Amino acid sequence: MLDFHIQKHNYKEVSLPILVNRQTMTGTGQLPKLEDDMYHVTEDDLFLVPTAEVSVTNFYSGEILSYDKLPQKFISYSPCFRREAGSYGKETKGLQRVHQFNKVEMVRFVKPENSYTVLEEMVKDAEDILIALGLHYRVVKLATGDLSFASAKTYDLEVWAPAVEKYLEVSSVSNFEDFQARRASIRFRNDNGKVEFMHTLNGSGLATPRIFIALVETYQNKDGSINIPEVLQPYLNNQKIL
């Protein structure tokens, strides 16, 4: 996924901390609303990131970028940690919902007038991975009541898992407009020299556990062996898992 996004979609890879402070979590909108769903290191008041979005979006926190520095396209692969408190807790057996998982995250910093065009581009970037893997999927535009605390518009990408006969969310792509930028003070100087808040967007590209489920259930043969999609064969040096 990293190779695909870097080579085909021109993202720049960054590797950033997975332990962040309260200000950083507040900047992207996880705090204060979602604190009960986060893993917290009490002694240092630090949080394990629920997604690389937190670290990457805060990369420019407190800065003013020049006009010609936008847009910026970052990609990051990291472990993610979520307590899955409340009703989700009963679903944490198996791979569908876990407390720790790995994910490739796309983050974009853009001029406000371009953010909704970029949102559609990012959905396509995520779709390209599913197409390359040969997985059946659908794209769902979320209703207003289903949006997160910070998002202005979100698309979910859901992959079909044949054995459980249901769609599993593997990516959520969102435009936050200037919500995160205002909280984290992420700004740029426009072509007239005026300082503005930029727009931030992010999306999974993709989350690995449910992709693994879909791959196994889609490509498993009657004898138990699993065919490897052509795009993955160079990485595994094989065409089939016996």
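Here, each number is a calculation from the coordinates, and none is a lab measurement. In this text, all values refer to a predicted model and were calculated from it rather than measured experimentally. Ideal geometry is used to build each Cβ from the backbone, glycine not excepted, and the neighbour counts take in all protein chains shown.
Observations
- Rg and Dmax, both from the Cα atoms of the stretch 97-158 and both in Å, are 13.3, 37.
- Ratio of the Cα radius of gyration of the stretch 119-219 to 2.2 N^0.38 Å, where N counts its residues: 1.30
- Phi angles across the stretch 136-145 convert, under the Karplus curve 6.51 cos²θ - 1.76 cosθ + 1.60 with θ = phi - 60°, into 3J(HN,Hα) values of 6, 8, 9, 10, 10, 8, 6, 5, 3, x Hz, Gly and Pro given as x.
- Computed over the chain: relative contact order in percent, which uses C-alpha pairs under 8 Å that are six or more apart: 20
- Maximal additional length on extending the residue 147-residue 66 stretch stands at 26.0 nm, based on 0.36 nm per residue less the C-alpha distance.
- Student exercise, the stretch 128-183 dipole from Lys, Arg, Asp, Glu Cβ charges, in Debye to nearest 20: 140
- Qualifying lysines (Cα of each under 20 Å from Cα of residue 141; at least 8 residues distant if same chain): 124, 153, 166
- Inter-label distance, nm, simple model (7 Å from Cα along the C-beta direction), residue 12/residue 225: 4.5
- The stretch 184-200 - phi-based ³J(HN,Hα) in whole Hz, Karplus 6.51/-1.76/1.60, Gly and Pro as x: 9, 6, 10, 10, 9, 9, 6, 5, 9, x, 7, 7, 10, 7, 7, 9, 10
- Helix-derived mean residue ellipticity, 222 nm - over the chain, DSSP H n ≥ 4, -39500 (n - 2.57), to 500: -7000 deg cm²/dmol
- Toward the positive end of the charge dipole of the stretch 1-160, with +1 on the Cβ of Lys and Arg and -1 on the Cβ of Asp and Glu, the farthest Cα among 71, 133, 14 is that of 133.
- Remark: the stretch 2-241 carries a charge dipole of roughly 60 debye about the Cα centre, counting +1 on each Lys and Arg Cβ and -1 on each Asp and Glu Cβ.
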